[in-house]
Amino acid sequence: LIVKLDYPQPVQALILQLKRLPGIGAKSAERMAIWLLQQAPSAIEEFGNSALLVAREIHSCPVCGFFATHEGCVICEAPDRDISVLCVVEQPLDILPIERTGIYHGHYHSLGGRLSPLDNIGPDDLRIAELQTRVSHGSIAELILALGSDVAGEATANYLIELLQLHPLRITKLAQGLPVGGGLTTADSLTLHRALENRGSVAPSARLP
Ligand SMILES: [Zn+2]
C-alpha cells in the first residue's frame, strides 16, 4: 500500500482558504501557506486579527455605500464637502480613484452594482431607491454619473437619467475616454481627471424616454 504524501490536514485547510482569495491559484496558495507556517505565532496572530477586525468593524455606509467604521463614514461626515454635488458610482471601490484625482470634493452614492437583466439584476437590487430619496431632499444641484462605459454601465446611466429627469438638477456624465469594459478602477488617474473635468450635461434629447 502506497500512501500519497501530502501536507498535514491543517496546512491543507489553510491552502484551501488562501485559494479562495481573488487571483490566487493553487501554486500561490501553497507558497503563501508555507510562508505563513514559517512565521512566529505572534506574527500570525496579528495577521489573523487584522482580518477579523475588518470583518467586525467595517460595514457599508447606509448613505453613500462606502466602507465605514463604527466611528462613522469619512465621506458623509466630512464637514468640508460640497453637498450640492453627488457622484454616482457602481461600486464603493470606484470612489477611491475619483478621490485620487484630487479635483472632486462632493459627495458619493454607490449603487452596489449595475443593471444587468442577463444576471437578473434589476433596479430593486441596486441602491436606486436610496438615491431617489437623497435627490428628493433637494440640496443636490448636480448629479455626476460616473458609471462604466460598457453596455451595462450605459444602460444603468440611461435608466437613472429617465428616472430623475423631473428633478430640478443638472445631470452630467464623465467624458468619454475611459477604458471600455473596465470600471473606474482600471482607469489611470490622469484619464479619470480629464473625464471628470470634461464631464458634460446629459443632452435634453437623451433625457427623454
Ligand atoms: Zn457615507
The range 1-62: translational diffusion in µm²/s, Stokes-Einstein, Kirkwood Rh over Cα pairs, 4 °C, 1.567 mPa s = 95 µm²/s
Length gain on complete extension for the stretch VAL3 to SER139, per 0.36 nm per residue less the alpha carbon to alpha carbon distance?
-> 41.9 nm
Do the sum for the chain: with -39,500 (n - 2.57) for every DSSP H run of n ≥ 4, divided by all residues, what is the mean residue ellipticity at 222 nm, to the nearest 500 deg cm²/dmol?
-> -11500 deg cm²/dmol
Of all DSSP beta bridges with both partners in the chain, the antiparallel percent, nearest 5, is 30 percent
Near LEU86, within a Cβ-to-Cβ distance under 15 Å, what is the net charge of the other residues, with Lys and Arg +1 and Asp and Glu -1?
-> 0
Quote the relative contact order of the chain in percent (integer), defining contacts as alpha-carbon pairs under 8 Å separated by 6+ residues.
-> 15 percent
Peptides 120-129, 18-27: what's the order by average Cβ count within 10 Å, highest mean first?
-> 120-129, 18-27
Average projected area of the Cα convex hull of the range 122-174, in nm²?
-> 3.5 nm²
At 7 Å along the Cα-to-beta-carbon direction for both GLU162 and PHE47, put a label point, then send me their distance in nm to one decimal.
-> 5.1 nm
Using alpha carbon positions and the Kirkwood radius, the Rg to Rh ratio of the chain is 1.10
Which of ASP150, ASP119, ASP94 moves most in a GNM of the chain, Cα contacts under 10 Å?
-> ASP119
Within a Cβ distance under 15 Å of HIS193, other residues only, what is the Lys/Arg minus Asp/Glu net charge?
-> -1
Can you pull the semi-axes for the range 61-179, root of five times each eigenvalue of the Cα gyration tensor, sorted largest first, whole Å?
-> 21, 16, 16
Reachable lysines from LYS27, Cα under 19 Å, same-chain residues fewer than 8 places away excluded?
-> LYS4, LYS19
Only Cα pairs under 8 Å and at least 6 apart count here; give the relative contact order of the range 50-152 as a rounded whole percent.
-> 28 percent
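No value in this document is a laboratory result; all are computed from the given coordinates. As the structure is a computational prediction, the values presented were derived from the model and not from experiment. All Cβ positions, even for glycine, are placed from backbone atoms using ideal geometry, and neighbour counts span all protein chains on display.
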